[in-house]
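Read-outs throughout are calculated quantities, based only on the coordinates presented, and are distinct from any laboratory measurement. Note that the structure is predicted; figures quoted are calculated from it, not measured. Methodologically, a virtual Cβ is constructed for each residue, glycine included, from the backbone with ideal geometry; neighbour enumeration extends over all protein chains shown.
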Amino acid sequence: MKVSSIPFKSTGFFSKIMIDYLEQKESTKEFYNNFPDHTGFYNQIEEKERSYSKQTRLLLIAALKKQYANFDVSEKTQEHIELLKQKETFTVTTGHQLNLFTGPLYFLYKIISTINLAEALSQKFPNKNVVPMYWMATEDHDFDEINYFNFEGKKVKWNRKDGGAVGRFSTDGLSAVLDVFANQLGGSKNAKYLKDLFAKGYLEHSNLADATRYIANDLFKEFGLIILDGDDASLKNVFIPFVKDELEHSTSFKEVSKTIHKLETDYKVQVNPREINLFYLGKNSRERILYEDGIFKVNNTSLRFSKSEILRELRENPLAFSPNVIMRPLFQEVILPNLCYIGGAGEMAYWFQLKAYFKKVKIPFPILLLRNSVQVISAKQQKKLDNLRISHAELFAKQHALLSKKVTENSEIEVNFEEKMHYLKNEFSELKAIAKKTDVSFVNAVNAQERKQLKGLEYLQKRLLKAEKKRQKELVDRIILLQNELLPNQSLEERQLNFSEYYIAYGPSFIQSLKEALKPLDLNFTILEL
């Protein structure tokens, strides 16, 4: 195994706001609290320790023990749950949808980033305990986003009726999915583990939340990962004051709207708030709560509440009130003694919209950390890159740019078009100086001729490049084949592949290699040669 890294910026796959945040540009500082460095974590610990109550700790532990009641809890995970009783114990957290069989490969990177950060912080602050937490997005209802995963270029999909919070979905029908998947896996020892993991997860548990817990627990229990389901009556009960505030004052809408107004000056806005950022959870539904003409309505249903009625419903049935993407982060930070949220670039972008809202409701805003991203390269692929003289940074270039660069470098014809264009511009600058002493028609004629000459050079450059690509077809084909292999669909492989493809090849050593390679606080993109 060989580990190296390149800046996130060099890949071209990360947004402007994310790069500016990593570089601590002044334009981002208003939208976050503490930065993920030693000083930032020191300050965050002090802030969270002051605000997080013993009562909430005890409720959290009770909820976790109840949720784990029918699961094999490792000694390490049990130890971490017990540590949560102490006021010196904090969490670092990642969240993820309940994707079928973990979904995209980056699920592993999120979890391992979280585990490794917890260990690193426990070492940096020896008088504190930091434990890793995975918050399952059990209340999501975007089934189309989670009902499949990709394996060897094919989509393995679960077809069933949509409706309601996905964590409550019955696992009926997944035996047929296993049959399809198992036929693709083969008969190796690693394939057998994957078949058993899928079968025990989905066929021995009645709902998607429990199935996902089983799979994540089996993959990461040796590292002490704690898995939490927020769709829990006791936890929702703690959140009642914030839901009440939302229903009465639309606080999140007001504060996030102000932030968006500032944010959109320099950056793209990720999500827009609604006047009420809550859903109502029914048995098979999760619908928006609307406020119209003095009445609270549940969209697409006949449910109607006066103000006093909906507040009574909140007290008596808090489980029915589900935060949307704007309020879910607040729910998490109210429930957990959390220091840091680890997520992808898209998640970070919407967290940047929330700081003012957190301040208004007096909950500490967590440190935000971009999860590790990884490009896995086999020894065989690395040898091909070396033979083609493609660096790791060059690998991520747009394909047409990469081909142009390598074909030019390999060409026997040396024509420096940039130099010729620079020379041409200098020549025309002299003509322009003369033209200014004449009339405007001559100035226009000089400008027009300059444009024509430069366009002619650009055309010749493209024609020469096209001819060279044709002449060097073998080189072009090798580059295209290799880049498409490493960046499927011209995207990061972590967004396309499922972990099972690497598990088949490397077995449990793949997870161990990631555990050793990922350094969450390095703030760089990881290249892992296996």
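Overview of values
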quantity: Simple label model, 7 Å out from Cα along Cβ direction - residue 361 to residue 37, nm; calculated: 3.1
quantity: For the chain: relative contact order, % (alpha-carbon pairs under 8 angstrom, 6 or more apart); calculated: 24
quantity: Full-stretch length increase - residue 434, residue 288 - with 0.36 nm per residue and alpha-carbon distance subtracted; calculated: 45.6 nm
quantity: Burial order of peptide ranges 294-300, 317-323 (average beta-carbon count within 10 Å, highest first); calculated: 317-323, 294-300
quantity: Span from the the range 267-296 Cα centroid across to the the range 92-131 one, whole angstrom; calculated: 30
quantity: Cross-link reach list, lysines versus residue 221, counting only Cα pairs under 18 Å and skipping chain neighbours closer than eight places; calculated: 65, 66, 76, 110, 200, 515
quantity: Least to most buried among 326, 240 (fewest other Cβ within 10 Å first); calculated: 240, 326
quantity: Label point 7 Å beyond Cα of residue 124 along Cβ direction - residues of the range 346-374 with amide nitrogen under 16 Å; calculated: 366-372
quantity: Label point at residue 157 placed 7 Å out along Cα→Cβ; residues across the range 115-150 whose backbone nitrogen lies under 17 Å; calculated: 142-150
quantity: Members of 87/244; 9/466; 54/355; 48/360; 9/469; 2/405 lying beyond 18 Å, as alpha-carbon distances in this model show; calculated: 87/244; 9/466; 54/355; 9/469; 2/405
quantity: Residue 50 versus residue 85: modelled label distance in nm, points set 7 Å from Cα along the beta carbon direction; calculated: 2.8
quantity: Highest average packing first - 163-172, 438-447, Cβ atoms within 10 Å; calculated: 163-172, 438-447
quantity: 10 Å Cβ shell holding at most 15 others, DSSP loop, GluC sites (Glu not before Pro): longest site-free stretch of the chain; calculated: 276-411
quantity: About the Cα centre, charge dipole magnitude for the chain (Lys/Arg +1, Asp/Glu -1 at Cβ), debye; calculated: 800
quantity: Alpha-carbon centroid distance for the pair the range 182-213 / the range 314-347, whole angstrom; calculated: 29
quantity: Extended-chain gain in nm, criterion 0.36 nm per residue less alpha-carbon gap, residue 405 and residue 300; calculated: 32.2 nm
quantity: Charged-residue dipole, Cβ positions (Lys, Arg, Asp, Glu), the range 52-196 about Cα centre, Debye nearest 20; calculated: 320
quantity: Calculated [θ] (222 nm, deg cm²/dmol) that DSSP helices of n ≥ 4 give over the chain, each run adding -39,500 (n - 2.57); calculated: -15500 deg cm²/dmol
